[in-house]
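Working notes, structure below.
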Amino acid sequence: QPLNLVTGMLLCCRISPEELQYIQEHLEENESQATPASHQATPPASVPWREMATSWPVWAILICDAGNSFGFSVYFSHIPTYIQNILGFSIKQNGVLSALPFLCRYLGAIISATVADMVMARGLLSVLSVRRVFSTIAMMGPAVNLLAVAHSGCDPSTAIALLCVGFFLNGFITTGLFANRVDITTNFCGTLTGLSNTCANVVSVIVPIVVGSLTQNQQTLGQWQKVFWMCVPVYALSEIFFLIFASASTQKWNYSNISKDTYEAEESTSEQEESFLSGVTDPNNDQNI
């Protein structure tokens, strides 16, 4: 990662050898300070498939990503059809309008990441709380938004504005669900990401079949309302599962030589931090800071 960062900087601008050395030294220093001694354990020689398959935090990520992919596929693949057939825009107008929600999603990802960093830097919320809050916004926001779109009628301005809002909120998934992969495993984050993307892609194959069965030769507002309503329970149930089983602690199977006592001590520390932050933000607590 330090090498990638330095390479990117070299490509963007010219820096002196002294500046390069300064950057590399401070990156190494920051990484050594940010990594606890217990986390410097060596990774397993092979992927711990059995441990990952029985890990609830892993399943929380997989199921939430699948639910997010279901709703996103409806947005991504079928909104242009909805804009053309229901809202009555031409193909030329459709291209521009279909791109606006994705720009909003990009902005949502940037803004949410910035806000999350500020919140955690000031100790307002723990990492797990941040993941839960931002994933809830990213999942439930578009779900409620789709209901609003479904009942907005054929008013183009209202429908496009609502779609942009829904995509903006879904951009928060970057700070919630996607970042949580690194929270629970650093050594097998790539493997977990591959599994998560596989689940998401399987769902994205199913969505066109389901939507097509509802709207083929039936391009009416009523049929599209069924499509939008169908996304709501998928969003909600997958997010509830994530809220229950998500974790922000590095899992034991991420290392090969970490002791059980060390792992349990880290888990206990994370729980104590979560409890402390809850007490700080509880308005009924007389000892609030």
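The values are calculated or read from the model by the stated rules, or taken from the named source; none is laboratory data. None of these values were measured; they are calculated from a predicted model. Note: ideal-geometry Cβ built from the backbone for every residue, glycine included; neighbour counts use all protein chains shown. Surface accessibility is based on the protein's heavy atoms, side chains included, excluding ligands, DNA and RNA. Shrake-Rupley method; radii C 1.70, N 1.55, O 1.52, S 1.80 Å.
Highest mean packing first, where packing is the average number of other Cβ atoms within 10 Å per residue, the peptides 112-119, 55-62, 237-244, 164-171 line up as 164-171, 55-62, 237-244, 112-119. Ranking of E19, E51 by solvent-accessible surface, largest first: E19, E51 (1.4 Å probe, protein heavy atoms only, all chains present). Rounded to the nearest 20, the Cβ-based charge dipole of the range 39-180 about its Cα centre (Lys and Arg +1, Asp and Glu -1) stands at 100 debye. Look at the alpha carbon pairs under 8 Å that are at least 6 residues apart: their mean separation over the length of the range 83-231 gives a relative contact order of 31 percent.
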